[in-house]
Amino acid sequence: MAHDEKISEPTGNDVHHEPPASASAPAQVPDVATLRAMMHERQYAAGKALEQQLEADVLHAREVQEELLFEMIEANKDTPFGRDHGFADIKTVEDFKRTVPFTNYDDYAGYIYEVMEHGTRGVVTTEEIVHFNETSGTMGNPKGIPYTKRMAEILMGYSGAYTYYRSYVGAGEGLAGGRMLTLIESHYNTLKSGISFGSLSCKAIADARPYLAATTTSPDEAVFTKPGTDTRYLHARFAIEERDIRDISSVFITGVLDLMRYVEDNWELLVRDIEQGTIDASIQMPADVRAGLEARIEPNPERAAELRAIFERGFSEPITPVMWPNLLVIRSVAGGGFTPYTQRLRRFIGNDVHILYTGYSASEGAFSVPFELDDPSSVLLPRSVYFEFVPVDDPDYDHTLGVEDLQEGHDYEVIITSRSGFYRYKMRDAIRCVGHKGTMPTMEFLFRLDQTVNMHGEKTTELVLRKVADKVAARAGLDLVDFSVYPNVDHHPARYEYLFEFYHADHAAIDLAELSHITDEELRAGNYDVSYMTEDGTFAPAIACVLQDETNQLWRDMRVMHGKAPNQIKPVHIVDTEQKRRFFFALIDGEIEG
């Protein structure tokens, strides 16, 4: 099978449609308090069991890792990949490293096509593939990461029950009451083979659909969306109407920050609709969605008056302590590249709301989990995948390291072997070892190795680009929404072009020449090679441009319209495709220097 052959498009069995009668909700759903108590009991017990297993495993990390590796080798020795690479003859870790080459997605595309198209078993793994996790592909083809039942259980167990348990232990018993604000929208499809395709978290939300209305604030129409629905409005309106929110869950912390900014900008409209029991005519949504919502909502003048009094005082002080006085914790990807967004969110939530940094996960699996609230570090999971590492500063792929070899303060590239049939798979992620829990490393995510600007060998990482953007905004006294960098090789000499979006900024008052000067200074301070190459004329000085308001939100909306799950959309920090270039440059406010 050719690796670039187009994978079959998903069928029309989209979760936007109503579930069949056999999948309808139970006739009697318990009240909120009962349901929350039931969920607490179940998640607490499951999360505690996972933590106890983890606590035992980290004391013998190397042994657990090798046990997992040889279990996978033995189970898959008769698959096509296993036969091709002599799994039956592998007896030691060194045999495995010597026999099995490093791989990337393209090495499995032919195998995966067979499973996605026909449901063929025993191709990439002997375990049954129950789901394909969607990730971005090349040439417009959908790209699916196979998940076995066990892999799905690990991801959902640690992202669900375990994170709830850790939140409860850290934040206290108050977490068991009230309601949740869950900023996750369910977009997934079913392939011709009958296997689901999309974000695994979306599928999990769909499985819990009958109970969401009793435990979360967002209505069904905001979670299982129809095209053209303004979900930001729906999440915000129903969230602020509820006073007793205890915890917030969002895949990325940017979702929470965007929601808070939306409330700040649109609170008058939101409060008026809550007061009157209406949906403003300016809010976009299909007619049947609007009719269904308007038939259920009722005027709530008491809560509207309370909110109006809060918002009229302004947003110079945190609003969630008075808007949601019982809010205890936010669970989200909030560290690494998302740290600046977490810091900006504090303006709205204050310093008393806890953050549970949800660890290192990717489309390929869950790799680490948190062990304390408000701590961005996480411990690698010994039973999730088999890990290998290569030092970022001095890569030696002939001698990879195991979990027992990582040293605190050093940075490593991550390579995995998984139950889903990926062997010595280069994740292209960089992590930093920040300590150890037992014998297992604790880590913080740094950046994607392939998210690097490298026009003339300067290798400016996303981490550096991000720090530059934050320093520029701080020096200019501006509130950064987000940024993108375009490596312009068509300009002579080549140059870095920063595209900034600022929050509530007076664009006419921004001195673009001064902003470009600051940007160039900070970029050269962040990467010596860029500084040297600018001095010798290899690079022209960096420039700064200002994007129109809501540019990054518009990018996310456009991606959702094209079928991307909102939960999976990350900020565009490097403009590396023509589609991205055309989009962002069309929304620059003013002329581009040079």
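The values are calculated or read from the model by the stated rules, or taken from the named source; none is laboratory data. None of the values given here were measured: they were computed from a predicted structure. A quick note on method: Cβ atoms are made from the backbone with ideal geometry, for glycine too, and the neighbour counts reach across all protein chains shown. Surface accessibility is based on the protein's heavy atoms, side chains included, excluding ligands, DNA and RNA. Shrake-Rupley method; radii C 1.70, N 1.55, O 1.52, S 1.80 Å.
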Since residue 404 meets every condition but one in (1) in contact (Cβ under 8 Å) with a residue 60 or more places away in the chain; (2) among the acidic types (Asp, Glu); (3) assigned to a loop (DSSP other than H, G, I, E, B), which condition does it not meet?
-> (3)
What residue, among those in segment 33-80 that are within 19 Å of residue 416 (Cα to Cα) and assigned to a loop (DSSP other than H, G, I, E, B), is most open to solvent (accessible area, probe 1.4 Å)?
-> 77
Number of the exception - residue 524 against (1) in contact with a strand residue (DSSP E or B) (Cβ under 8 Å, 6 or more places away or on another chain); (2) open to solvent by 40 Å² or more (accessible area, probe 1.4 Å); (3) among the basic types (Lys, Arg) | (1)
Would it be correct to say that residue 252 is within 28 Å of residue 331 (Cβ to Cβ) and surrounded by fewer than 21 Cβ atoms within 10 Å (Cβ to Cβ)?
-> no
For residue 310, which of the numbered conditions (1) in contact (Cβ under 8 Å) with a residue 24 or more places away in the chain; (2) open to solvent by less than 30 Å² (accessible area, probe 1.4 Å) fails to hold?
-> (1)
Looking only at segment 340-349, decide whether some residue is crowded, with 23+ Cβ neighbours inside 10 Å and more than 22 Å from residue 479 (Cα to Cα).
-> no
Number of the condition not met by residue 247 [criteria: (1) surrounded by fewer than 24 Cβ atoms within 10 Å (Cβ to Cβ); (2) in contact (Cβ under 8 Å) with a residue 60 or more places away in the chain] = (1)
Index of the failed condition, residue 320 passing every other in (1) closer than 25 Å to residue 265 by Cα; (2) open to solvent by less than 20 Å² (accessible area, probe 1.4 Å); (3) under 22 Å from the mean Cα position of the chain (by Cα); (4) polar (S, T, N, Q) = (3)
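Does residue 544 qualify as being surrounded by fewer than 20 Cβ atoms within 10 Å (Cβ to Cβ), within 19 Å of residue 460 (Cα to Cα) and in contact with a strand residue (DSSP E or B) (Cβ under 6 Å, 6 or more places away or on another chain)?
Working: surrounded by fewer than 20 Cβ atoms within 10 Å (Cβ to Cβ): no; within 19 Å of residue 460 (Cα to Cα): yes; in contact with a strand residue (DSSP E or B) (Cβ under 6 Å, 6 or more places away or on another chain): yes.
The answer is no for residue 544.
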Within segment 294-307, work out how many residues are surrounded by 11 or more Cβ atoms within 10 Å (Cβ to Cβ) and under 16 Å from residue 240 (Cβ atoms).
-> 9
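Condition first: open to solvent by 10 Å² or more (accessible area, probe 1.4 Å) and charged (D, E, K, R). Now tell me which residues in segment 379-395 satisfy that.
Hits for segment 379-395 are 383, 393, 394.
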Output the number of residues of segment 186-220 satisfying the condition of being open to solvent by 30 Å² or more (accessible area, probe 1.4 Å) and closer than 28 Å to residue 176 by Cβ.
-> 10
When you look at residue 201, is it assigned to a helix (DSSP H, G or I), farther than 18 Å from residue 42 by Cβ and touching a helix residue (DSSP H, G or I) at 6+ places or on another chain (Cβ under 7 Å), yes or no?
-> yes
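Look at residue 162 and say whether it is out of contact with any Ser or Thr (no Cβ under 7 Å at 6 or more places or on another chain) and either open to solvent by 20 Å² or more (accessible area, probe 1.4 Å) or of a type outside the set (Gly, Ala, Ser) (or both).
yes
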Can you tell me which residue within segment 471-505, out of those that are without any contact (Cβ under 8 Å) to a residue 60 or more places away in the chain and of a type in the set (Phe, Trp, Tyr), is farthest from residue 535 (Cα to Cα)?
-> 502
Quick check: is even one residue across segment 359-378 over 30 Å from residue 256 (Cα atoms), surrounded by fewer than 20 Cβ atoms within 10 Å (Cβ to Cβ) and out of contact with any Cys (no Cβ under 6 Å at 6 or more places or on another chain)?
-> no
Scanning for something buried (at least 21 other Cβ atoms within 10 Å of the Cβ), touching a strand residue (DSSP E or B) at 6+ places or on another chain (Cβ under 7 Å) and within 23 Å of residue 369 (Cα to Cα), does segment 98-120 turn up at least one residue?
-> no
Taking strands (runs of 3 or more DSSP E) that fall entirely within segment 434-519, which contain at least 2 residues that are within 24 Å of residue 408 (Cβ to Cβ)?
-> 440-448
Quick one: which of 508, 513 is free of Cβ contacts under 8 Å to residues at least 24 places away in the same chain, open to solvent by 30 Å² or more (accessible area, probe 1.4 Å) and over 21 Å from residue 340 (Cα atoms)?
-> 508
Is it fair to say residue 224 is more than 18 Å from the chain's Cα centre (by Cα), among the aromatic types (Phe, Trp, Tyr) and in the same structural domain as residue 353 (by the TED database)?
-> yes
Please tell me if residue 356 is surrounded by 20 or more Cβ atoms within 10 Å (Cβ to Cβ) and either assigned to a loop (DSSP other than H, G, I, E, B) or under 21 Å from the mean Cα position of the chain (by Cα) (or both).
-> yes
Within the set of pairs 6 or more residues apart or between chains, which connect a residue that is without any contact (Cβ under 8 Å) to a residue 60 or more places away in the chain inside segment 572-590 to a residue that is in a helix (DSSP H, G or I) and open to solvent by 70 Å² or more (accessible area, probe 1.4 Å) with Cβ atoms less than 9 Å apart?
-> 583/554; 587/554
Considering only residues of segment 81-93 that are surrounded by 15 or more Cβ atoms within 10 Å (Cβ to Cβ) and assigned to a helix (DSSP H, G or I), which is modelled with the lowest pLDDT?
-> 81
